[in-house]
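Q: The structure that follows is given in the form of structure tokens.
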Amino acid sequence: MEAGALFGPWATFFDHTGFQRTFYGTDGGNHGWLVLSLGLLGAIAFAGYARLRAARVWTAALAVVAGAAAVGVTVHDRRGLEHVFGGTHVSLVQALQQFVHIGWGLNVALVASAIVAVAGVVLLLTDRLAAGTSTSNG
């Protein structure tokens, strides 16, 4: 998540002068800082899961929430870029549509966010299965 939020381009396009412009997740009004913060929260949750046996359910749930929230943010930004760059606003953008690309950084942030959420769900299910096994055996 951090790599996509910090280092990867979220959108590239050619402006009216013909120069390529690149926007990163942390530029201006983009939500890269929020994705970065949610990624750090997910990392803290996974570290807590590994160290705090009594709080495993809460830390796994926190990872799910952080990952799901980051997925929401990245999907929102991706749809916003597709809407603006998709030619629905300005005819100039329609003419330059073939030169506009959603950057790999946004895609990496989206996929990594989903992985964090799914990993949290797996940890929750694993804990439930382990708890069910220990109570049925004991």
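Q: What's the total number of residues in region 1-42 that are among the hydrophobic types (A, V, I, L, M, F, W, C) and modelled with pLDDT of 90 or more? Working first, answer last.
A: Restricting attention to region 1-42, the residues satisfying the condition of being among the hydrophobic types (A, V, I, L, M, F, W, C) are 1, 3, 5-7, 10-11, 13-14, 19, 23, 33-36, 38, 40-41.
Restricting the remaining residues to those that are modelled with pLDDT of 90 or more gives 33-36, 38, 40-41.
Residues meeting the conditions: 7.
Q: Moving to a separate point now. For region 52-103, name all the residues that are modelled with pLDDT under 85 and over 30 Å from F19 (Cβ atoms). Break it down stepwise before answering.
A: So in region 52-103, the residues modelled with pLDDT under 85 come out as 53-54, 80-101.
R53, A54 - these are the residues of region 52-103 that are modelled with pLDDT under 85 and over 30 Å from F19 (Cβ atoms).
Q: Contact list please: Cβ distance under 9 Å, first residue in region 42-70 and over 26 Å from L110 (Cβ atoms), second residue of a type in the set (S, T, N, Q), pairs at least six apart or on different chains.
A: Going by the 9 Å Cβ cut-off, the qualifying pairs are R51/T59; L52/T59.
The values are calculated or read from the model by the stated rules, or taken from the named source; none is laboratory data. Just so it is clear, the structure is predicted and the values come from calculations on it, not from any experiment. Cβ coordinates were reconstructed from backbone atoms using ideal geometry, including for glycine residues, and neighbour counts include every protein chain displayed.
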